[in-house]
1. Per the Debye formula with a single identical scatterer at each Cα and no solvent contribution, what log10 I(q)/I(0) holds for region 119-191 at q = 0.15 Å⁻¹?
2. The list (1) 1.03; (2) 1.07; (3) 0.98 gives values of Rg/Rh (Cα atoms, Kirkwood Rh), and only one came from this structure; which label was calculated from it?
3. Report, to the nearest 10°, how far helix 29-42 tilts away from the longest principal axis of the Cα atoms in the chain, using its own Cα long axis and a range of 0 to 90°.
4. Take the eigenvalues of the Cα gyration tensor for region 12-95, scale each by 5, and report the square roots as semi-axes in whole Å, largest first.
5. Tell me the relative contact order for the chain as a rounded percent, counting alpha carbon contacts under 8 Å between residues six or more apart.
6. Using only the alpha-carbon atoms, how far is helix 47-58 inclined from the longest principal axis of the chain? Give it as 0 to 90 degrees, nearest 10.
7. Just how large is the dipole of the chain about the Cα centre, in debye to the nearest 20, putting +1 at every Lys and Arg Cβ and -1 at every Asp and Glu Cβ?
8. Take residue 30, project a point 7 Å from its Cα along the Cβ direction, then tell me which residues of region 54-81 have their backbone nitrogen under 16 Å from it.
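Throughout, read-outs are computed from the coordinates displayed, never taken from laboratory work. Since the structure is predicted, the reported quantities are computational estimates derived from the model, not experimental observations. All Cβ positions, glycine included, derive from the backbone under ideal geometry; neighbour counts span all protein chains shown.
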Amino acid sequence: MPLSVSAQDEDEGTDPIAQINVSLRRKEYLKAEHQCRQLLYKQPADLEIKHLLSHALIFQQRYNESDSLLRKVLETDTNNSGTYWYMGLSAERQGKDSIAVLRFKKYIAKTPNPLNINVSAWLHAASGYRRMMHKQGVNRMQFDEMLYLYNHYLEQMPTDLYADDIRDFLSRAKSRQPVPGKKLIWDEAVE
């Protein structure tokens, strides 16, 4: 379904970064990739462009390319939180939940100003633990951290679309805590 052009899109017509963001919003990932590569030719060290390129690659399911690019970015700057965000998205899309959790937690830790954090990082990290709980199980520390992350997300986003589902999960999870030294494998759908 084609997206309509908004006044905001027209205003962003001359800014190349804004044009890339428009392409990404429209889910024109190949176009965004080409726009990023053209800009990187002129500005090869620009981390924002590299992050946007990784975004375009992730949504084209070209994970190896995106991961390789992000590792190179990490070699030049280990403190840029955005790199961890995109590494988390890539791992999540690949079903690498334990890596995704670590990357989103690193994103949270590396974001210098808490007001600039994308609060959905807590949701992504908690949901990674939850998927781990379904598949291979989580230990007590992972379980407790999952609950903490969900609660923190709910504090920040109490009216989120999924807030009631998360609250329901948290109330059911209270009686499911793993026994120390053991992993809890809980497929909620089988209750």
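1. Taken in order of the listed q values, log10 I(q)/I(0) reads -0.45.
2. (1)
3. 60
4. Semi-axes, largest first: 19, 16, 10 Å.
5. Averaging sequence separation for qualifying contacts and normalising by length gives 13 percent for the chain.
6. 70
7. With Lys and Arg at +1 and Asp and Glu at -1, about 880 debye.
8. 56-62
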